[in-house]
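Engineer: Here's a structure for you.
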Amino acid sequence: MGDTAQIICFNLNCQAPNPETHRFCQQCRTPLEKRYLWVVGKGVEALKPGKLIGDRFLLKQERILLDTQPGIPLPYTEDIADWILPYLRLFPYQLQVPQVYGKLPPHKKGKYTDIWLLEQSAIQVIPNQKPGKSPMLILLPELTKVWHDATPMRQLNWLWQIAHLWQPLESEGVAASLLDSQLLRVEGQVVRLLELQKSPVPEPTLRELGQFWWQLVPKAKPEIEEFLEQLCQKMIAEELESSEELIGELDQILEVVGRSQTCSYQIITLTDTGPTRQRNEDACFPPPSPQGVKRAENCHSSSPTVIVCDGIGGHEGGNVASGLAIETVQQWLDKFPQKLNSNHFDLVTELENSVCEANDRISQRNDNEGRSERQRMGTTLVMAKGYPHEVYITHVGDSRAYWITSKGCHQVTLDDDIASREVRLGYSLYRESLQQVGTGALVQALGMSSSHHLRPTVQRFIIDEDCIFLLCSDGLSDNDRVEQNWDKEILPVLEKKINLSTAAAKLIEIANIQNGHDNVTVGLVYYQVKQNSPQQTQERAIGEQGIAINSPLGRQTENNQFSKFKTRLLVTKNNSPSLFPLLAGITFLLGLSGLLAYLWVPAIGYRVDTLVSNFKQQQQPTATTTPPLNNPKPAASLSPGTLIQVKIPPSPTNQNLKTLLLRKSSQLPENQAIIGTIPDNTILEIERKDLREQERWLLVKVCSIPQQPKTNNPNQKPIQAISSTFQVIKPGQQGWIKQTEIEPYIQEYSPSESPPSGRCYSQNGNSET
């Protein structure tokens, strides 16, 4: 039954039938792609293994189909079911969430009409050892069934991924998928969902997630058992208000448990003009070296950085744009610490800002040279920035990043093209969108316009085993060349069969021979992870914290390599002598003496009461002091594009009213940088976030300010009189303000009335959408 499957060649000029066991077409040598699909929808029980459905799909086993004609597009899907839309809108999370392949033709007799096919990453294909026999197909293991065998780092890694998925799945009404052990699968260090499950009403909360994780506590590794137990207790008690707080808790223990492993890395970059182009518009960092591979003994002393840029084909000066992007980002990141001591969100902001800075430099050069429309030079960018036990991937455009492990090859970036945008909006299936004319065009690239319109994507990945990150331009990634060749050309590096230089050279060769239509650039980052002994972990923790080995804390850490973490976050016993009993006794005697004095000498007691009362009055705010507003609806993330409204509580006089100042720059002296004051009820749009000298700044655009009410009272002061020193800002102006200054006085603005009805203003005062 399953051994007779025939795959039609992907090459439309060939289309010869081939046995399922063959890797290449017998006639034209085109790689044969095997697409095993998971079936979802009503009526799946009517599908019988061994049957060919619609003269195309072979049911290999229960709910697993094989597409025997993968090169032929499916009929266009006119109506997308509502319960399928979450799959499309979660397209950016394709690493963990399966994507929709298409819809099964309805049964002629009506046994099923709404069955859909998922490109299933949770299906494991195991080659059959018997010649000529079809591969065995099994589902990836459930997380709960392999939990006890995982290392402490991997257990935390799995939980960290689930925490990151919680908010996007919750927004689509499918967070219940993360509470079903049968749907929650793992492939090595990657969490995979078998399918999505609609959440009941009311929507599950972090409380239910904590209850689900509670079953994992007994089999958690000793190093994290106590932490996980207390984390679950916090979640069940609803002490964590958001998934961001949950991620923050996990980040702290990851930082400590990460000391149990040491990582080293190798880097290589190669670029080639290709067989058909006259010049190379690609660029990379570090530049290709005659010495080949760059090595580092560990990731704790240096931070690996690899960048690949592809000057946009057909645009003048693409090579200038790609080179300028590399130079700008490199200079920006050189100022950032090699060791990641700051908040992870700060690093994400810095990575975004480095890309925005490169964009603005290229865009400014376009403007200075009078370039417009198709004449503007531009470039894509993909970058890997590594730290101990984690890698950050930043990208704009269609240059890609792939994550290769011993288990598989995962595309981790999503092309910024029209096809991907159509899927995210729920308008079309991805493979169908690719068939439409023009959907491969980019929707964003560096240098095309102001960074106000740019949305770089930054992703973070936890590393707990050997792996390789491949960064490449579309000269290699087009036509699925990476997916077709990773196991032959990159996997052997992980298996210690070939070196990194050989793999990089082979990838360039594949791009030139099998594609050959464009320049090609590859960057490889090879992470090697080694588990430390308890003594090595203890020595590293002591070295990072500056603790002497012979000190009491050093000896304590030697006995328990993670005890420092528990002391910092958890309530633990302290066996050292305490002064508390002595202080309590002294306090009791003083209190008793005061009470006796109060009873025996009423006049003294009266004076004491008066002094205490006066002191309390001095500590309380005066009637003219404006307290920070306790907003019921704060701006959750202050992300670019968010509209916020300034709300300053009223006070009897304006003398002590909180004055918020908009500045021209976050770097100029204050007396040279003031644009004006921000009055109450102003609507602002967040355009950009920046980190300057450990202070977070916001670049905002003024959308509207409150209108001055008409009055016949000649004594009424205009709005400008709130501050006698500075003028009030005007709609359309842009400026900077410290996040800590404005945060207590803002709430997220949801436009429901007119004006401004969700419109902001351009510099000339005209409204813009």
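Engineer: Run the quick spin-label model on Gln435 and Asp82: label points 7 Å from Cα toward the beta carbon, then report their separation in nm to one decimal.
Structural biologist: Placing both labels 7 Å beyond Cα along the Cβ direction yields 2.7 nm.
Engineer: Given points 7 Å out from each Cα along the Cα-Cβ axis, report the Ser372 to Asn681 separation in nanometres with one decimal.
Structural biologist: 4.1
Engineer: For a Förster distance of 35 Å, can you work out the FRET efficiency between the beta-carbons of Glu483 and Ala505, rounded to the nearest 0.05?
Structural biologist: Numbers: r = 20 Å, r/R0 = 0.56.
Result of the calculation: an efficiency of 0.95.
Engineer: Return the sequence-ordered ³J(HN,Hα) values of the stretch 262-276 in whole Hz as given by the Karplus equation 6.51 cos²θ - 1.76 cosθ + 1.60 applied to θ = phi - 60°, using x for Gly and Pro.
Structural biologist: Coupling constants for the stretch 262-276: 10, 10, 10, 8, 10, 10, 8, 10, 9, 9, 8, 5, x, x, 10 Hz.
Engineer: Moving on. Once you wrap a convex hull around the alpha carbon atoms of the stretch 81-132, what is its projected area averaged over all directions, in nm²? Could you put the intermediate results ahead of the total?
Structural biologist: Numbers: hull surface 23.7 nm².
Dividing the Cα hull surface by four gives the mean projection, 5.9 nm².
Engineer: Something else: Between Thr740 and Gln727, what length in nm is gained on full extension when 0.36 nm per residue of separation is reduced by their alpha carbon distance? Present the calculation step by step, with values, prior to reporting the outcome.
Structural biologist: On the way: separation 13, 0.36 × 13 = 4.68 nm, distance 2.22 nm.
Extending this stretch completely gives an extra 2.5 nm.
Engineer: Which FRET efficiency value, to the nearest 0.05, is calculated for Thr273 and Val125 with the Förster distance at 45 angstrom and r the Cβ-Cβ distance?
Structural biologist: 0.75
Engineer: Explain nothing, just compute: Karplus ³J(HN,Hα) = 6.51 cos²θ - 1.76 cosθ + 1.60, θ = phi - 60°, for every residue of the stretch 62-78 in order, whole Hz, x for Gly and Pro.
Structural biologist: So the J values, rounded to whole Hz, are 3, 6, 10, 10, 10, 7, 7, 10, x, x, 9, x, 6, x, 5, 8, 7.
Engineer: Of all the C-alpha pairs in the stretch 150-296, what % are more than 19 Å from each other? Write down the numbers at each step before the final one.
Structural biologist: Values: 6691 of 10731 pairs.
In whole percent, the share of Cα-Cα pairs in the stretch 150-296 beyond 19 Å is 62.
Engineer: I would also like to ask the following. Considering only Cα-Cα distances, which of the following residue pairs are longer than 25 Å: Lys701/Lys738; Lys407/Lys497; Lys145/Lys198; Lys60/Lys506; Lys34/Lys108; Lys234/Lys407? The partial results should precede the final answer.
Structural biologist: Numbers: Lys701/Lys738 14 Å; Lys407/Lys497 16 Å; Lys145/Lys198 23 Å; Lys60/Lys506 35 Å; Lys34/Lys108 27 Å; Lys234/Lys407 34 Å.
In this structure, Lys60/Lys506; Lys34/Lys108; Lys234/Lys407 lie more than 25 Å apart at Cα.
Engineer: Expressed in nm to one decimal, what extension gain is obtained for the pair Phe345 and Glu33 from 0.36 nm per residue of sequence separation less their Cα-Cα distance?
Structural biologist: Numbers: separation 312, 0.36 × 312 = 112.32 nm, distance 3.94 nm.
Extra length from Phe345 to Glu33 when fully extended: 108.4 nm.
Engineer: Also, quick follow-up: What does the extension gain come out to for Ala46 and His22, with contour length at 0.36 nm per residue minus their alpha carbon separation?
Structural biologist: Numbers: separation 24, 0.36 × 24 = 8.64 nm, distance 3.02 nm.
Here the segment from Ala46 to His22 would lengthen by 5.6 nm.
Engineer: Follow-up. Apply the Karplus parameterisation 6.51 cos²θ - 1.76 cosθ + 1.60, with θ equal to phi minus 60°, to every residue of the stretch 444-461 and state each ³J(HN,Hα) to the nearest whole Hz, in sequence, with x for glycine and proline.
Structural biologist: 7, 7, 6, x, 7, 6, 4, 5, 4, 9, 8, 10, x, 9, 10, 10, 10, 10
Each value in this text was obtained by applying a stated rule to the coordinates, not by laboratory testing. Just so it is clear, the structure is predicted and the values come from calculations on it, not from any experiment. All Cβ positions, even for glycine, are placed from backbone atoms using ideal geometry, and neighbour counts span all protein chains on display.
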